[in-house]
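*Asks:* Please read through the structure below; I'll follow up with questions.
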Amino acid sequence: MPNRSFSRAMALLPTLLLVGAAGFLVGCATGRPSGNRAVPEPVKPVDLDRYAGKWYEMARYDAAFEQGCEAATAEYALRPDGLIGVTNACRDGSVDGPPRSVTGRARIVPGSGNAKLKVSFFGPFFVGNYWVMDHADDYSWTIVGEPTGKYLWILTREATPDQATRDALVGRAGELGYDTAMLRYTRQPPAP
């Protein structure tokens with residue numbers, strides 16, 4: 001006969017995990033420094049068909065959930081249900097380290113010109129803001145943030161953009177009010 005205490009503990013395990021995850025995410029969000037205390041509203045509409053596809057992370061504000069990530073990529077795919085599939089992947093510790101990935105989904109915030117999304121990787125309880133702060137007209141780069149200024153990503157279609165492009169993108173992030181000294185540059189594998 002199973003131990004009743006053990007059975008009760010096992011029944012509570014999903015709830016404890018959920019509460020622990022929520023506490024961890026709240027702690028991460030509130031304890032992070034803001035790199036932009038006056039995040040502007042996105043003003044450039046986004047063509048989702050052109051935005052879809054694979055992006056390479058050039059730089060980011062470091063976050064606990066990306067700790068140790070190199071060769072980081074984000075891939076977006078339009079889904080038949082109107083949502084956007086999201087797959088974030090990286091290599092742990094180095095560009096040839098073990099792979100890590102997480103999948104989720106995003107929905108467009110109405111009236112945002114497709115520039116604001118609500119993204120969830122852990123079901124409906126943990127939803128984050130994803131704002132396309134700016135993008136190239138040809139969709140060769142994008143700068144992504146959110147309203148608190150605590151998170152920032154600079155993404156490009158090329159794994160290793162040239163130095164002039166890198167400098168221009170960091171400059172553009174600065175023009176948007178972001179503290180570019182907080183950027184952590186992501187290593188990508190050398191081009192074949």
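*Asks:* Report the local net charge at Ser120: Lys and Arg +1, Asp and Glu -1, summed over other residues whose C-beta lies under 10 Å from its C-beta.
*Replies:* Once positives and negatives cancel, what remains is +3.
*Asks:* Additional query: Short version: ³J(HN,Hα) in whole Hz for each residue of region 165-171, in order, from phi by Karplus 6.51 cos²θ - 1.76 cosθ + 1.60 (θ = phi - 60°), x for Gly and Pro, what are they?
*Replies:* In residue order, the calculated couplings are 5, 4, 4, 5, 5, 5, x Hz.
*Asks:* Follow-up question, since we're still on this one. Where Lys and Arg each count +1 and Asp and Glu each count -1, what net charge lies around Ile108 among other residues with Cβ under 9 Å from its Cβ?
*Replies:* Spelling it out: positives minus negatives among the neighbours equals +3.
*Asks:* Okay, moving on. Would you please give the residues with an amide H less than 5 Å from that of Arg184, counting only those at least 5 places away or on a separate chain, with H modeled from the backbone geometry?
*Replies:* For Arg184, the qualifying residues are Arg60, Tyr61, Asp62.
*Asks:* Continuing with this model, one more query. Compute the distance in nm between two label points, each set 7 Å from the Cα along the Cα-to-Cβ direction, one at Gln67 and one at Ala164.
*Replies:* Going by the 7 Å Cα→Cβ label model, 4.0 nm.
*Asks:* Can you give me the distance in nm between label points at Phe121 and Asp81, each placed 7 Å from the Cα along the Cα-to-Cβ direction?
*Replies:* Output for this residue pair reads 2.0 nm.
*Asks:* Starting from 0.36 nm per residue, how many nanometres of slack lie between Glu41 and Arg107 once their C-alpha separation is accounted for?
*Replies:* 22.0 nm
Where a number appears in this text, it was derived from the coordinates with a stated rule and is not lab data. Since the model is a prediction, treat every value here as computed from it, not as a measurement. All Cβ positions, even for glycine, are placed from backbone atoms using ideal geometry, and neighbour counts span all protein chains on display.
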